[in-house]
Structure formats: C-alpha cells, structure tokens
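J.: My questions will all concern the structure given below.
The values are calculated or read from the model by the stated rules, or taken from the named source; none is laboratory data. Predicted, not measured: the structure shown is a model, and the values here were computed from it. Note that we place each Cβ from the backbone using ideal geometry, even for glycine, and neighbour counts take in every protein chain shown. Side chains are part of the model used for accessible areas, which takes the heavy atoms of the whole protein and leaves out ligands, DNA and RNA. Shrake-Rupley method; radii C 1.70, N 1.55, O 1.52, S 1.80 Å.
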Amino acid sequence: MRQLLKGNYAVAEGARLCRVKVVSVYPITPQTTIVERLSEICASGELDAKFIKVESEHSAMATLVGASSAGVRAFTATSSNGLLLMHEVLHWVAGARLPIVMTNVNRAVSGGWNIWADQTDSISQRDTGWLQIYCESSQEVLDSVIMAYRLAEKILMPVMLTYDAFFLSHTTEVVDVPDIELVDEFLPPYQPEFKLDIDNPRMFGGLMSPDYFYEHRYTVHKASQEALEYYPEVCREFRDIFGRDYDITEEYRTDGAEVIVVTTGTITSVVRITVDKMREAGRKVGLMKLRMFRPVPVDRWRSILGNVAKVVVIDRNLSPGLGGVFADEVQAALYSLENRPSIYPVVAGLGGRDVTPADIEGIINHALSSDDPAGVPLFWGLKE
Amino acid sequence: MERTTQRMIEIPRDVMTGEELWQPGVLSCQGCGGSLAMKLALKGLGRRTVIVLPACCMSIIVGAYPYSTSQVPLLHVPFETAAAGASGVRAALDIRGEEDVVVMAWAGDGGTFDIGLQALSGAAERNEDILYVCYDNEAYMNTGIQRSGATPAGAWTTTTPDKAVKEESKKDIERIMLSHDIPYMATASVAYPADIYAKFKKIRSIKGTKFIHILSPCPPGWQIDSADSIKVSRMATQSNVFPIYEVENGKYTINVYPEKEVTVKEYMKTQGRFRYITDDAVNAAQEWTDRKWEKLKGMLK
Amino acid sequence: MAVKKRSDLGVIYEFKTWRDITPMNTSAGTMLHNKTGSWRTIKPVFENKTPACQNSCPAGNDIEGWIKLLQQGEYEKAYWHLKREEPFPSVLGRVCFRFCEEACNRIPFDDCVGISALERFIGDRDASLVPHPDLPEYNGKSMAVVGSGPAGMSAAYFGRLLGFRVAIFEKLQVMGGVLRVGIPEYRLPRDIIAAEFEGLAAMGIELRPGTAIGKDISLEELTGRYDYIFLATGAHGSRKLDIDGEDESRRIMSGLEMLRKVSLGEDVACGKKVAVIGGGNTAIDVARTALRMGSAVTVIYRRSEDEMPANPEEVLEAREEGARFRFLAAPERIELNDDGSIKKLICCEMELAPADESGRIRPAKKDGALFDVETDSILTSIGEVPILDYLKGIAGNEKDVVAVDGTLMVNTGGNGKIFAGGDIIDIQRTVVNAVASGKKAAIAIDCDYRSADFGDVLKEISIGNGSALSFSRYMNWNPETPQNIHMVVDSEKIVYDYFEKAPRVMQKTGDAETRKNSFNAYRETFTEDEAQQEASRCMHCGRCIECDNCLIFCPDMSVLPEGDGQFGYEFDYDYCKGCGICFTECPRHAITMVSEEEGDK
Ligand SMILES: Cc1cc2nc3c(=O)[nH]c(=O)nc-3n(C[C@H](O)[C@H](O)[C@H](O)COP(=O)(O)OP(=O)(O)OC[C@H]3O[C@@H](n4cnc5c(N)ncnc54)[C@H](O)[C@@H]3O)c2cc1C
Ligand SMILES: Cc1ncc(C[n+]2csc(CCOP(=O)(O)OP(=O)(O)O)c2C)c(N)n1
Ligand code: SF4
Ligand code: SF4
Ligand code: SF4
Ligand SMILES: [Mg+2]
C-alpha cells in the first residue's frame, strides 16, 4: 500500500512489519518521532512487542543484549550522542553475535550542539563489528529494515541502518508499505540455535583467554564478510517478492565515465540529478552509491572504480586530522590496483549544511580540471 | 522483639544434598563469600532461573570460555548494565511465555552502588519483574581492591591508601532502592545461609522488582584469613554494621537479632583493611551504626 | 569411599582451529576439569574429638555418645553405650560428684548439661535385665576381687568383659561397700545396688559375701587359687579427734560406723542433740542421717563454709532439713558426766591463716577463744583410713595407703600378681575414681596376660589430657569413626553463635519437711520428656552430628554427604581449596585442619 510517510515513520513501519518482539528506544532528536510512533503501535496492539522504556541509550542497547540472547527479535533506533552512549554495548553485541537491527539517524556529534545531518556518529562506530548500511530514501529505509533482519539472523551479526537527519527523517515521501503477509513469507520468525534456555543452559559471553580470543575475533570477522555473499541473495529474493531492487553497492551511469562520484545518504539523490544533467551535457560522469560500508565490499568497489580515471568521494563526516572517512577507505581499497584512479576526497555538508546540485557540479568540475595530486581533502563550501 | 539465632539446619537436607546448580571448580579465591552466596541463592531459586552477570569477580569465578560452572543459563553483560540486561531477558522470556523463570541480575557493589546505579534505578522505577542481587564485598575486587560507594569509612583500599583511608560512609543503597517503592527489598549475609535460602525461595512468588543486598566477605580485600570470612561477616551483623532485614510492600521485618552483641571496634579489629583507622573514626563509625540501627528499629512500628 | 568422582565428569573441550569456536561463542558444561584442590596448602579432615565433659570424667564416660542415642530415643542402645566406659549409671547418676558437669562447655553460655540426671535416667530404664551384649568367651584366666565397693565392682565388670573368670570376695554379708553401708539410703536406694549386683552375677561373676580376706581366706591362698588379685577393700577405719575425753565416752562414735549400723538395720541411739565433727560429704551424710532419726544436729567445721569439701548442694539440703552449722570451730576437749555421758563439748574458735604453698588455707586456733557446745553425742567424720592387716607380710604400705606402680600393681616381691584400687590407694576418694581405678586395673591385668606394654596401650587409650582410659578404644569398638580422643574440645573451640540458650531442667526434689522424716529417696528420675529436653541442650562438643554446617558453608561445594544412608560426610579433595571455613564454622570442632605436606596438624 502506498502511503505518504516521513523517514522515521517508515522505520517504525519496518519494525512493525518484521514483528519485532522487544523494542527498547530512548528519544533523541531527530529520531524522536520513531519512539513516539513505536509507542503508539505497541500500545494499540498493531505491534505485539514489549516496549521497554529505558532510561538511556546505553540501557536500550543493553536490554536488547538480554532480549536477543533470550532468542527474540529486537529493535532499537537512535542518533548521534545516543549512538555514542551505546558504543560500549555495540562492541558487545557484535562480539556476542546478536542479530539486533538498529536504525541511526545520522546527526552531528556535539560539543557545540548540532542536531542536523552528519555521519560522524555512525562512522565513529565503524570498528564495533556492526554491519552498516547507508540509506537514501524512506522507501529504502523501510525495505532495508526488512532485509536487515534476514541478513542479521542468517549470519548472526547486528546491522545498523543509517539515514540523514531531517533531509530524510522528517521529510514526507511516498512509500510503498508492503503487506505483512508478504513480509512474513520473506522473513521467518527468529529461531536461533542457542538462546538463554532453561533446558539447555549455556553461558553467553564468558571470559576468553588469549588461547581463544583471537580465533573468536576471527569468527566475528568471517561472519561479517559472509554478508558480502549473502546480502546480494537477500536483495534478489526481496526483489522477487516486492519488486524493488537493492544491492551492496549501486552504480549509476558509470559506463565510460571519466569521473565517478562516490556518495552515501541523501547527497546521493543530489548527485544523481547532477549526473543526469551533466550526462545530458555530454560530460562523462557517473555515480557509485555506497550502501554497505561494513563489511567493506572491496571487490565491488574495485570493479566499479578500477577502470575510471578519477574518483570523487564525498564525505558528510569528518575524522579531524584525516578528513572524510569514506574517502580514506575507498583509497585504501583501490590502492593495490595497478591502474588505480586518482581520488579526490571532498568533505561537504557537515552539520546539515545544504549540498546543492550546484555544489556537486562544482565539485565534479574541480576534480575534472584539477591536476592536483589526489588524496588531499577538499573542504567544499568552507567559508574561507 | 523476637530474638533469632542461627540454627543452620533450616535448609532442608534434600535441598543441600540435591542438584548442584553451581558446580565446583570455580575460580574464586579461598573463602570467597561471593561464590558461596551464589551457591546458596541458587539453592533457593532452583533450576528455572536465568542469571545476568555484569563485570565483577563473579564473572571470573563462574569459569572461562568454553566452560561454565553454572547449570542455569547465564548471560554476561557490560559492567553497568545488569539491570538493563535483566530487563531485556525478562521481556523476551515473557514473550516466550516463560513468566515463571526468575531473571536474576547479580552484580557487585561497584556494579550496583556506582556504575550500574542508573540502569538499576531505571529498572526499579519501571518495576521490572526481575531479581537484582548485589553481592557486596565493599570494594572493586575484580580490579584489585579499589574503593566503591559501598566501601565503609575507615577502610583501606588501593585507592584509599594508608595515609588517606576512606572518610565517607557507605552509601545507603537500601534507602535508595526503597525510594523506588519496589515490592521487595532485603539484606542478607553469607553468615546466615538459612536466611538467604528463605529469601531467594520467597522472591519466586513476588512480581516486580526484588532487590537483595548480600554482604559477602572477600578475604584478600578485607585482609582476613579465609577461614574467618563467615565469622567476620557474622560479626558485621552482631555489631549492627550490617543488619539483616527485609521490606515487603513497605513492611519492615528484622530477620536476625543476633544474640551476641559486638562493638564496631571489635568487628573492625578482625580485619586488616581497618588497621589504619583512627580512634575518632571508629567512634564515628559506631555512632553511624547506632543511628542507622535505631532508625531501622523505628521503621518496625 | 562413597565419593562420587565428580572430577571424572570434567570434560576438556577440544580446540584446534577457529572453526571450533562455539556458535555464539557460548560456554557450557562445568568447570569440573579444573581441580582447584591443587591450590590447597592445608586440608580439612573430619575428626571426632573428646568433649570437655568426657575429658573431666575420671572414668572417661562417653557422655556425648549416649546422649546422642538418648536423643534418638534409643534408650537401650544408650544404656549399653554408657556402660562401655562407666558400668553403673544408676549409681553414679545418683552419687557422683559430677566432674563432667563442672567442665561442661555450656557453662560459659548458660548452664551445664544435667549429665548425671540423664545418666540416672538411662540407668534406671532397667535395660540391665537383658544379657550383656558385649560378653566374650572366657580367656582361661581368673581374677579375684577383694572388696565389693565400686572399685571392686568395676574391676570385676571390665575383667569379665576382657574374658576373665571373676569372683568378688566381700567381708560383709551385703555387697556394695560404701555404696551399701556408707551412703545413706535416701541418696542411693538399696534396690539400685542390688540390681547392679544382679547384673554382675548375670555376667557370670561369682559373688562371695561374708568372706573376709585375711580371716576366712588368706591372701596367700587366694594368690594360689587365682591368676590375678585386685584389692579394693576401701577405707573403713576412722580417724580419731585426738582430744581429751574422747576415749572415755560412750557417746562418741565414728560417723562411718553409725552409717554402717543404720544401713545394716542395727540399733543406733543418737541422742536428742548431736554434734557432727567434720566438713566432708561423710559429715553431711552423718548429719542428715541423724536428722532423720529425730536428732537436732550441729555440724562443726574447722574452716569456713567456702573451704568445706562437701558438695554445696547437699550442704544446702542439710540446712533446709534443719542442720545447723558452726564454722571456724574445732573440738578442744570433752567434759563427761559421771555416767560417761557428755556434759559438754568445748570448742575453740579458729581463724584462717593465709594459704600455704599447697594452696590450702590452714586454720589456726584463736588463743583463749573457747566456747561450749551442748550435745548428747558426738559423731566424728574427719577422715577414713584403710585397714590393711591382711596385707602384712606380703607388701609394704606407705602412710595409710597401698603403694602401687603405674599399672596399679602392688610390689609383692614375686608373690603373685596383685593389683589395687579405690580408696586404698592414693587417689581421690570418690565412687567414680574408684570405678576408674577398677577399669584401669582390669586393662593392666589384661595387658599383663597378653604381655602387652601397658605404657604403649596407655598412649593409645588415654582420653584427652586427663587420666581416664577409653575401654572402647582398648577393645577396638567403634573403629569406623576417625577419632582423636587425645584432643579435648573445650569452650574456646565451640562456636556458641550456633546455639540457643535454654534453661537447665532439674530433677524434681521433695521438700525438706518430707525429706527429713524418711529414708526414702527424695529426688525423682527424669521423665522421658524432661530427659529429652535436657539432652537437647548438649552441644555434642567435638562430635559431628550432621548439622550440615560444613556442607552449607563450603564455598567450593566440596563437602559431600556419604551416600547410602551412611552417617557423615567426605571432603572432595579434588576441589576443596582448603579455605578452612568448615573448620571455623563447625559449631563443635569436629573438623581438623592438617597440613598438606606433612599430613600433621
Ligand atoms: C559416707 C560416705 C559417703 C560418700 N559419698 C560419696 C558420694 O556421694 N559420692 C562419691 O563419689 N563418693 C562418696 N564417698 C566416697 C566413696 O564412697 C568411696 O571413695 C568409694 O566407695 C571407694 O570405693 P572402694 O571400692 O575403694 O571401697 P569401698 O566402697 O569402701 O568398698 C570396700 C569393700 O571392701 C570390703 N572389705 C574391706 N576389707 C575386706 C577384706 N579384708 N576382705 C573382704 N572384703 C573387705 C568392705 O567391707 C567394703 O565392702 C563417700 C564415702 C563415704 C564414707
Ligand atoms: C565500563 C567499565 N569500567 C570499568 C570496568 C573495570 N571493572 C571490571 S569489574 C570492576 C569492579 C567490580 O567491582 P564490583 O562491582 O564491586 O564487583 P567485585 O569485583 O568487587 O565483586 C571494574 C572497575 C569495566 N569492566 N567496565
Ligand atoms: S577477590 Fe574477593 S570477591 Fe573476588 S573472588 Fe577473591 S575473594 Fe571472591
Ligand atoms: S555440651 Fe554435651 S558434649 Fe559438651 S561438654 Fe556439655 S555434656 Fe559434654
Ligand atoms: S559442621 Fe556440623 S556436619 Fe560438619 S563436621 Fe561439624 S558437626 Fe558435623
Ligand atoms: Mg565489590
């Protein structure tokens, strides 16, 4: 059924369709409307779940550790400082191989309060072990929630979906909300091999000596990498049932491109329009939409970007002292290629600063015309 | 006032000799009160129990991967998340239709009085149907004896060294918990095992948040001989430093009126950790203890 | 060993590659592979010990042992258990001075256990009518016992239990020694004594009343007829006052003689006013007997009441019955009437000098402080002495007593194997000491017969730090309990926190008025309820009673109950870390810590 939905409501719908059993969420702008919506649908019975109204994000994630270990599907949503407060538990969840799904509204990280779009929050969780998938539209967010549980429960890894504050969280779009029966077909109930079980008492998360810990960490790494094989399968099945196509990484008009712009989140839509416009003008530009950031789909990136002369990576995040993190990782992925492209790292739109088609065109032109050695971040739009 | 001494034969024989849910081979120090408290608690609770365990000595005692001494399911969680973790397990078990399974968060004093207090307060305020147990060895023992909010005034720890032993009194966790209006709050001590057994048996039939605070001696941390750990704990109660009582829906009952009375000084004398205390501080501790005891007795009316 | 080998259940998880990491990296199983027993430097062992009461009983009565059986309602078993160390519970339950109670570990807590009353309760249940369960075949050797007092009775009893054919020779027509002709009937009814002799006879012991050694049969003859002789002829001569007028008066009699006459039903005329001289138990018995015969009695004693050797309880009862006491007074001389009756007794006031090196306070006369005591007759009880004429030519004697060696043997210069005990040797003169000496002599005789070294045996069977010997240990009865009878559990080793205060149950006692009008016994044996109630006060010092404390408190789940209905526990040394909590928390010190290396304490 097609509905007009804000991004946050699409998330709540996603959780409902997945029949999550335990929800534990703590409010933070711009995620708050998810909490509100989930409260309503839990109260009305539309969603038959336990909603634990915790006293912090740290506890939100910790309750899900309990719930998920006890073998039920668990969900939470957060943003920015909330995500950072969870940090310790995020590591725990991945190490414990708990298939929790969380949506994070990308918001700038304080000090100096800022509630607007910026990916530094989720980027700074990249080593927790959580899978990260960056979304561009409300539809994608909703669909991704459903696919995330399929993926997470198969490989026993937690999945974080992110999308931009306000640009998506609070923007109303037309969203096709699938029938719950179809979702049931796609996503069977969660039935883990091991859970907290009186009849099969096991201990979860015990102390691991150096004799085991290294191998344990390796299994976490292996599990994460399994996503690269399994997620395309999930996407295919999803397409067969729901008719919408997703992938680990998506290409747009990259044929014969001289320059490919790599983006995430809502900036992707701006780039897409700009690419269309520039292609019409005969310019050889393309787009690579980076969805899955953890695990890193190195092979996909290489196959898309390996034959192009120049790559622009736009980062709406900043690792001070380095620059944008996506650019850094893309460079690292391509470095061992013999004909590696020149890479132009661009930082733009921090803290919700608007990034317009004109900005994108400017950035592309800069890259095309520049003979600068690649690799030095360009702070686009910085008031100098 | 009814006087109670301890006649330890009150734990039924078949329970004591029956199924051991806490098996030997545990990694506790000699004479550890924590391991003993857990063994006794499980005697009262029985098999249909899930343990949620944050960082503390017990997370070591229970055994290391891939082994576990616990014969009931056990979930390790981060240091400050015992109550939250337990809330989550509770929710999941309710969904699974296993409402009768007791979810027991088992945390140290550090995990309770200090770092875990927020999550605990949250869970208690929501009146989660969980049992929260604080086994209190009065310092951060796992990390090597650092002061906690539960460390008594006058005690040496590695962060309150000989020239600056702890000045502040122990935090009144019972009052904090009672201010949440939880249905059941109790203190207990490994020196009174039958009382522990009875309390853990009782909580099975109480819905909502149950809090049990168990004094649990730590020979290395208290600097006592391992053989004396029960004796010293008993003196804590005999001196009223650690009274044994319970509050059920607001109604106070003192469970142990020790027949023998001991001064705070005598109690402190038994432990190396108090060897730097000044006479003034001993007197202050005695006053503090008397005041609290009088107040407690006042609550009976 | 009933230990279930739990360590066999410990499974080691095979771990070779990262693929062996368990799904969701969960742990399971147990920690049983981790034998924490290796951390131990000292280890606990279950070891029953000697309770303070038993340690103080000269006869080594295993009080705790039979109290436990009594509590189980096993009265007959309790009876026979009691008789393993102390053969005459009905007698000693009445007349013993109760050294055990003085030592009872309950005293610092509330009050001692009424051991003697319980002993009497057990003794009075008439189990003596069934055959003795421990009676052995004869060993082919014989033993003559001279004197049928408690020392002789005891030697005969234990001698018979060791296989000797025994005969008791008694000068008097009645058997029992002081029990029969000294201790008054109101304290020890005659049927009780008779029953004990019935029991001895039933064991096959020959009773020969009316046979005086040295008169009817000579000691030499006896030595020829029997392999072993045990002399226990008691102290039946009385010390004299040694004052003017004593020998001339018809109205001065030894108290002992008076008691004997009363006991044998002979005529005794006491007079209206009687002065009893002395402060011991005999004096009190004499005084109370005189009271019962209608006399007004004044007891005259040299020292003050505090120094009086008589049992305070009896002094109190004598007072209640009307006896008057004059302390710090000693007879100076007697003035007689012409008819030989007493005109007056003149006494001197005494004062107490500071204690001498022996610790005893010496009384001294106050110069010129004389006073008169009006009295018709005087009964002396200032000391009894053995009459040892029959020994002449066989053995020498020091002072008033028979000299014996460490095995109670008399040096006869090769003229037969003669042992001696009871009041004729230098020991405390009480019934229980007499019984103890009889036991010791019987064991010494058996050692001689078996050519065993008595010194070595003594090391094995000495109870606690006192002189008592364990007959059970000598016989190897109860070998299954690991026992350290040499270690005494005194009050310092008791954890009183585990006990509840409880008032002592007293035997019902008749009031003074009825008492003094009759020779009937005035104290009642416990009812079963009373006995049970009083027995429940026993803390079972040093003896495991399966209270479960060690099991409950072990932080390492290393105390395992013996399976199959067997008593007790075992330590699982695979896991016991040797923390010692069981040792400190055993309320009764039934656990000992021993060092791992040396295996000793
Ligand atoms: C009046 C009195 C009251 C006492 N009260 C108590 C009391 O309450 N509690 C207590 O513990 N102690 C009491 N005693 C002490 C106690 O009775 C004696 O210590 C104890 O009886 C000594 O026992 P025995 O076997 O050595 O001698 P006795 O009991 O004196 O027995 C010796 C026996 O040997 C016999 N005999 C003597 N010469 C010969 C011979 N030549 N041939 C054959 N037989 C002979 C005697 O007739 C006598 O029967 C009391 C003593 C007296 C005198
Ligand atoms: C967030 C966090 N901070 C610090 C620690 C380190 N740590 C582990 S256990 C512990 C002390 C535990 O003390 P307590 O709760 O009293 O338990 P005990 O070890 O004394 O039994 C500390 C500080 C941790 N694990 N996590
Ligand atoms: S340090 Fe203390 S609390 Fe920790 S295991 Fe040792 S005795 Fe127990
Ligand atoms: S309490 Fe019992 S075992 Fe202990 S000394 Fe007294 S009578 Fe003997
Ligand atoms: S503690 Fe109790 S059960 Fe254990 S040895 Fe002592 S008496 Fe026996
Ligand atoms: Mg602690």
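J.: Enter the accessible area per residue of the range A:249-379 (Å², integer; probe 1.4 Å; all protein chains in place).
T.: 41 Å²
J.: Counting Lys and Arg as +1 and Asp and Glu as -1, what is the net charge of the other residues whose Cβ lies under 10 Å from the Cβ of A:His58?
T.: Neighbour charge sum, excluding A:His58 itself: -4.
J.: Go through A:Phe238, A:Met160, A:Ser79 and say which Cα lies farthest out towards the positive end of the charge dipole of the range A:2-242; charges sit on Cβ, +1 for Lys and Arg, -1 for Asp and Glu.
T.: A:Ser79
J.: Under the rule of at least 5 residues apart or a separate chain, name every residue whose amide H is placed under 5 Å from the amide H of A:Asp197.
T.: Counting only residues 5 or more places away or on other chains, the set is A:Arg202.
J.: Which whole DSSP H helices in chain C pass both tests: a Cα extent of 27 Å or more along the axis and a mean Kyte-Doolittle value no lower than -1.0?
T.: Result, helices passing both filters: C:431-450.
J.: In square angstrom, what is the accessible area per residue of the range B:36-132 with a 1.4 angstrom probe?
T.: Per residue, the range B:36-132 has 18 Å² of solvent-accessible surface.
J.: Would you calculate a helix-derived [θ] at 222 nm for chain A, using -39,500 (n - 2.57) for each DSSP H run of n ≥ 4 and dividing by the full residue count, to the nearest 500?
T.: -13500 deg cm²/dmol
J.: Find the sum over both chains of the accessible area lost when A and B are paired, probe 1.4 Å, and report it in Å² to the nearest 100.
T.: 2900 Å²
J.: To the nearest 100 Å², how much accessible surface do chains C and B cover up together, summed over both, with a 1.4 Å probe?
T.: Interface area, both chains combined: 3700 Å², rounded to the nearest 100.
J.: Students often get this wrong: which residues of the range B:129-173 have the backbone nitrogen under 18 Å from the point 7 angstrom along Cα-to-C-beta of B:Asp100?
T.: Those under the cut-off are B:130-131.
J.: With a sphere of radius 11 Å drawn around the Cβ of C:Gly279, what net charge do the other residues whose Cβ falls strictly inside it have (Lys, Arg +1; Asp, Glu -1)?
T.: Here the charged neighbours net out to 0.
J.: When the accessible area of the range C:273-429 is computed with all protein chains present and a 1.4 Å probe, what percentage of it is carbon and sulfur?
T.: Summing carbon and sulfur atoms, their accessible area is 46 percent of the total for the range C:273-429.
J.: For chain A, find the longest principal axis of its Cα atoms and tell me its angle to the long axis of helix A:325-334, 0 to 90°, nearest 10.
T.: Between helix and principal axis, roughly 70 degrees.
J.: Quick query: amide H of C:Val276 versus all other amide H atoms, modeled in the peptide plane; which residues come in under 5 Å with a sequence gap of 5 or more or a different chain?
T.: Result for C:Val276 returns C:Thr298, C:Val299, C:Ile300, C:Leu379.
J.: Same structure again: Can you give the angle from 0 to 90° between the axis of helix A:357-369 and the longest principal axis of chain A, with both taken from C-alpha atoms, to the nearest 10?
T.: Helix A:357-369 sits roughly 60 degrees off the main axis of chain A.
J.: Mind checking the full-extension length gain between C:Lys459 and C:Arg326? Use 0.36 nm per residue of separation minus the Cα-Cα distance, one decimal, nm.
T.: In short, 43.1 nm is gained.
J.: How big is the dipole moment of chain B about its Cα centre under a simple scheme where the beta carbon of each Lys and Arg is +1, that of each Asp and Glu is -1, and everything else is neutral? Debye, nearest 20, please.
T.: That gives a dipole near 360 debye.
J.: A further question follows. Tell me the volume per residue, in Å³, of the convex hull enclosing the alpha carbons of the protein assembly as shown.
T.: Here the figure is 224 Å³ per residue.
J.: Using just the helices of chain C, give the 222 nm mean residue ellipticity in deg cm²/dmol: DSSP H runs with n ≥ 4 each add -39,500 (n - 2.57), and the total is spread over all residues, rounded to 500.
T.: Result for chain C, helices only: -7500 deg cm²/dmol.
J.: Given springs between every Cα pair under 10 Å in a Gaussian network model of chain B, which of B:Ala188, B:Ala86, B:Ala164 has the largest fluctuation?
T.: With Cα springs under 10 Å in chain B, the top fluctuation among B:Ala188, B:Ala86, B:Ala164 is at B:Ala164.
J.: Which percentage, to the nearest 5, of the DSSP beta bridges contained in chain A is antiparallel?
T.: Roughly 25 percent of the DSSP beta bridges within chain A come out antiparallel.
J.: Mind putting together the pair-distance distribution for the range C:397-438? All Cα pairs, 5 Å bins, whole percent per bin, short to long.
T.: For the range C:397-438, the pair-distance distribution reads 6, 25, 30, 24, 11, 4, 0.
J.: Still on this structure, I have one more. Apply the Karplus curve 6.51 cos²θ - 1.76 cosθ + 1.60, θ = phi - 60°, to the phi angles in the range C:541-557 and return the couplings in whole Hz, x for Gly and Pro.
T.: These are the phi-based 3J(HN,Hα) values: 4, x, 10, 5, 10, 6, 6, 6, 4, 5, 4, 5, 8, 4, x, 10, 6 Hz.
J.: To the nearest whole number, what is the average tally of beta carbon atoms from other chains within 10 Å of the beta carbons of peptide B:259-266?
T.: 1
J.: Rounding to the nearest 20 debye, state how big the charge dipole of chain C is about its Cα centre with +1 on each Lys and Arg Cβ and -1 on each Asp and Glu Cβ.
T.: Roughly 280 debye for chain C.
J.: Turning to a different aspect of this structure: Using the Karplus curve 6.51 cos²θ - 1.76 cosθ + 1.60 with θ = phi - 60°, work out ³J(HN,Hα) for each residue of the range A:264-272 in order, rounded to whole Hz, and write x for Gly and Pro.
T.: 9, x, 6, 4, 3, 5, 5, 5, 4
J.: While we're here: Give me the percent of accessible area attributable to carbon and sulfur for the range A:2-242, probe 1.4 angstrom.
T.: Using a 1.4 Å probe with all protein chains present, the range A:2-242 comes out at 49 percent carbon and sulfur.
J.: Report, in debye and to the nearest 20, how large the dipole of the range A:257-298 comes out about its Cα centre when Lys and Arg carry +1 and Asp and Glu carry -1 on their Cβ.
T.: With Lys and Arg at +1 and Asp and Glu at -1, about 100 debye.
J.: Would you list which lysines come within 18 Å of B:Lys301, measuring only between C-alpha atoms, while excluding same-chain residues fewer than 8 positions from it?
T.: List returned: B:Lys251, B:Lys292.
J.: Let me ask you something else. Sequence gap at least 6, Cα distance under 8 Å: using those rules, report the relative contact order of the range A:2-242 to the nearest whole percent.
T.: It rounds to 25 percent for the range A:2-242.
J.: Given a Förster distance of 22 angstrom, what is the FRET efficiency for B:Glu259 paired with B:Asp290, based on the Cβ-Cβ distance and rounded to 0.05?
T.: For R0 = 22 Å, the calculated efficiency reads 0.75.
J.: Next question. Give the relative contact order (percent, whole number) for chain C; include only Cα pairs under 8 Å separated by 6+ residues.
T.: That works out to 22 percent.
J.: Quick one: what are the phi-derived ³J(HN,Hα) couplings along the range C:344-353, Karplus 6.51/-1.76/1.60 with θ = phi - 60°, whole Hz, x for glycine and proline?
T.: These are the phi-based 3J(HN,Hα) values: 7, 9, 9, 10, 10, 6, 10, 9, 9, 7 Hz.
J.: Which residue, chosen from C:Leu408, C:Gln428, C:Ser377, occupies the Cα position most advanced towards the positive end of the dipole of the range C:365-435, where the dipole is computed from +1 (Lys, Arg) and -1 (Asp, Glu) charges on Cβ about the Cα centre?
T.: C:Leu408
J.: Still on this model: If you line up the long axis of helix A:57-69 against the longest principal axis of chain A, both from Cα atoms, how many degrees apart are they, to the nearest 10?
T.: 60 degrees
J.: Another question, then. Once you've got the GNM for chain B with C-alpha springs shorter than 10 Å, pick whichever of B:Lys163, B:Lys231, B:Lys269 has the biggest mean-square fluctuation.
T.: B:Lys163
J.: For C:Tyr228, what residues show an amide H to amide H distance below 5 Å, using hydrogens built from the backbone and excluding near sequence neighbours?
T.: Placed amide hydrogens put C:Ser142, C:Met143, C:Ala144 under 5 Å from C:Tyr228.
J.: Which one of B:Ser28, A:Gly256, C:Cys544 has its Cα pushed farthest toward the positive end of the charge dipole of the protein assembly as shown, where Lys and Arg give +1 and Asp and Glu give -1 at the Cβ?
T.: A:Gly256
J.: Can you work out the accessible area per residue across the range C:237-383, with the rest of the protein chains kept in place, probe 1.4 Å, in square angstrom?
T.: 48 Å²
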